[in-house]
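See below for the structure under consideration.
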Amino acid sequence: MNYKKEFKEAVLPCIKRKAAKVKLTKKEQKTIYKTVLKIIKAKDNEKGYSYDNKKMKTRFYTGLAGEMAVQKLIEKKFIDLSVGHSNYYNHADLKNIGINVGVKSIRAGNFPVIHKKAKRPEIICIVNSLDTVYVLGLATKEVLNKYQDDKYILSPYLRKKGTKTCFYGFDYLKEIKNYRDLKKFA
């Protein structure tokens, strides 16, 4: 398997065809980074959390950058920048605006890691750089559950755990350009 080649073949047509390119301002990047540092500090005190500063910074920056891009795209504030125990944040990202939809953000070159049994639709984003995010579209629960494959899981730990898989159904994403689109598909 050529992981990088398969990623490009799956994602590039989606980016060209229907992705919304969102640029994050320096102020937005700074807000994300400050929040990431607060999250990492809180994780230091959380039992069962393994600490890897560089990976955690990348992981949390990626997640917040995707959410920030979606928030800008749909022009509705939903991001909660408060910090606390993980148990309080395991819900749909757009819950604050009454929509049961999550935001799954990945760094360019990686397939999104999802639950094997999707709980809700997910907006799929690719963080291409610190300031550029592609909002690829919305994956319904049915699409998430149908287009998944463990072969794209790079982490031996995640593979062994057996509860997560990777999503590859980029051709089946619903295009999101604004709040109306989101409401229509969610």
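Worth pointing out:
- Sole residue being within 15 Å of the chain's Cα centre (by Cα), of a type in the set (A, V, I, L, M, F, W, C), assigned to a helix (DSSP H, G or I) and under 19 Å from L24 (Cβ atoms), chosen from M68, M56: M68
- Residues that are surrounded by 20 or more Cβ atoms within 10 Å (Cβ to Cβ), in contact with a Pro (Cβ under 7 Å, 6 or more places away or on another chain) and either polar (S, T, N, Q) or touching a residue at least 60 places away in the same chain (Cβ under 8 Å) (or both) do occur in region 158-172.
- K41 among the basic types (K, R) and loosely packed, with under 13 Cβ neighbours inside 10 Å: yes
- The single residue among V103, V83 that is surrounded by 16 or more Cβ atoms within 10 Å (Cβ to Cβ), more than 14 Å from L138 (Cβ to Cβ), aliphatic (A, V, I, L, M) and without any contact (Cβ under 8 Å) to a residue 60 or more places away in the chain turns out to be V83.
- Enumeration of residues in region 86-100 that are assigned to a helix (DSSP H, G or I) and free of Cβ contacts under 8 Å to residues at least 12 places away in the same chain: N87, Y88, Y89
- Test result for Y89, at pLDDT below 80, surrounded by 12 or more Cβ atoms within 10 Å (Cβ to Cβ) and within 25 Å of Q148 (Cα to Cα): yes
- Single residue of region 4-25 satisfying the filter (in contact (Cβ under 8 Å) with a residue 24 or more places away in the chain, out of contact with any helix residue (DSSP H, G or I) (no Cβ under 7 Å at 6 or more places or on another chain) and part of a helix (DSSP H, G or I)) that is farthest from E175 (Cα to Cα): K4
- Residues satisfying the criterion are absent from region 82-89 (criterion: hydrophobic (A, V, I, L, M, F, W, C) and in contact with a strand residue (DSSP E or B) (Cβ under 6 Å, 6 or more places away or on another chain)).
- G137 fulfils the conditions (1) on the phi > 0 side of the Ramachandran plot; (2) more than 16 Å from the chain's Cα centre (by Cα) except for a single criterion, (2).
- Complete set of residues in region 109-149 that are in contact (Cβ under 8 Å) with a residue 40 or more places away in the chain and in a loop (DSSP other than H, G, I, E, B): G109, N110, F111, P112, K116, P121, L130, D131, T140
Quick grid of which residues meet (1) at pLDDT below 95; (2) among the hydroxyl-bearing types (S, T, Y); (3) over 15 Å from V101 (Cα atoms):
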| residue | (1), (2), (3) |
| --- | --- |
| S129 | yes, yes, yes |
| L136 | no, no, no |
| Y147 | no, yes, yes |
| K183 | yes, no, no |
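The values are calculated or read from the model by the stated rules, or taken from the named source; none is laboratory data. Predicted, not measured: the structure shown is a model, and the values here were computed from it. Positions of Cβ are backbone-derived with ideal geometry, glycine not excepted, and every protein chain shown enters the neighbour counts.
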